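Single-structure report; data block below.
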Amino acid sequence: MDRLDGLLAKLRDINLSGEIADVRPVFKGFGASCDVFVGFCRPIRKKVAVKRLRVFMSREEEFAKRFFKELYIWSKLDHPNVLPLLGYFIEDGELPNLVSEWMERGTLHDYMKNVVSNDQKLAMVIGIASGLCHLHMHEVIHADLKSHNVLISSSGEPLLTDFGVSHMIACSLSAAGGTTSNLSSPKGTVRWMAKELFQSDEYTDPQPHSKTSDVWAFGMVIYELLSQETPYPHLKTDMQVMFAISRGILPTRPTNTVKNGGYDVDDELWKLSHLCWNSEPSARPTVENIIILLNQ
């Protein structure tokens with residue numbers, strides 16, 4: 001408990017218990033591991049998003065320690081392409097809630113139809129890469145990078161969010177089952193997950209999420225921007241996608257991208273996505289190198 005008490009002391013300034021009013025559900029704001037609400041934060045007098053995780057703090061002390069550790073890390077991140085954490089509160093002493101500023105423009109998944117020009121695509125990709133680079137510099141693995149987890153600010157900037165949430169939920173489920181054996185089994189969203197995250201046999205577990213698996217997912221976000229579709233749109237089930245990725249089958253170039261012969265943003269971004277999908281994790285570029293390539 002000493003460690004948990006120490007973490008809580010560090011987070012005292014962002015404890016928003018009793019400060020969020022008019023909380024109501026958001027249409028389509030419900031996922032596999034959390035529910036999203038909108039509310040009003042009294043101290044800053046702003047509309048906020050409230051993400052309620054589906055876990056019970058009082059029953060799972062190990063999860064509570066991990067949760068508050070992740071919150072502390074997030075609270076210290078400061079970058080124009082990373083969604084700031086405004087605070088947290090625990091509802092009825094049980095359900096953890098994360099509070100951030102409400103983004104009227106929604107997610108990149110919803111906003112992609114507005115990203116049509118070469119300059120817009122390049123700026124969006126550079127912004128996402130810059131946010132991911134900031135996470136990696138602070139040894140934070142996103143573990144669930146996709147267009148649904150990139151919010152769009154009022155000025156049109158991409159903001160990374162939900163980093164580490166899928167792993168926190170995985171830890172909680174393992175603790176609830178009385179075992180830690182699932183902690184090495186990666187959680188995330190299948191269509192954005194790297195090949196090595198599926199590879200296992202009776203003697204070895206799949207590799208955990210890493211900076212290199214984040215880079216793979218970044219390549220899939222490029223695919224989303226170029227195609228305006230979810231990766232592997234022709235495959236209907238996650239099992240089919242897992243099988244395809246495990247066999248080394250990569251997305252095909254979207255038909256709406258055009259190769260013009262000279263320098264073309266779509267062409268360069270498509271080449272970059274393939275660098276991100278190298279089957280050997282160590283051969284993928286780092287996010288720092290990706291930013292250098294994008295700025296050339």
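The values are calculated or read from the model by the stated rules, or taken from the named source; none is laboratory data. All figures in this text were calculated on a predicted structure; none of them were measured in a lab. Cβ atoms come from the backbone with ideal geometry, glycine included; neighbour counts cover every protein chain shown.
Can you tell me which residue is modelled with the highest pLDDT among those in segment 192-224 that are over 23 Å from Cys133 (Cβ atoms) and not acidic (Asp, Glu)? Let's see the steps before the verdict.
Residues of segment 192-224 over 23 Å from Cys133 (Cβ atoms): 198-206.
Still in the list and also not acidic (Asp, Glu): 198-200, 203-204, 206.
On the way: Phe198: 88, Gln199: 77, Ser200: 69, Tyr203: 65, Thr204: 66, Pro206: 71.
Looking at residues that are over 23 Å from Cys133 (Cβ atoms) and not acidic (Asp, Glu), I get Phe198.
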Pairs only if they're at least six apart or on different chains, beta carbon under 7 angstrom, first in segment 137-159 and assigned by the TED database to the domain that holds His209 and among the acidic types (Asp, Glu), second at pLDDT 95 or above and not in a strand (DSSP E or B); list them, first residue then second. Glu157/Pro80; Glu157/Asn81; Glu157/Gly127
Within segment 68-113, considering residues that are under 17 Å from the mean Cα position of the chain (by Cα) and acidic (Asp, Glu), the one farthest from Ile141 (Cα to Cα): Asp110
Within segment 62-85, count every residue that is out of contact with any Pro (no Cβ under 9 Å at 6 or more places or on another chain) and more than 21 Å from Arg3 (Cβ to Cβ). 5
Looking only at segment 109-120, count how many residues are touching a residue at least 60 places away in the same chain (Cβ under 8 Å) and within 17 Å of Ser153 (Cβ to Cβ). 3
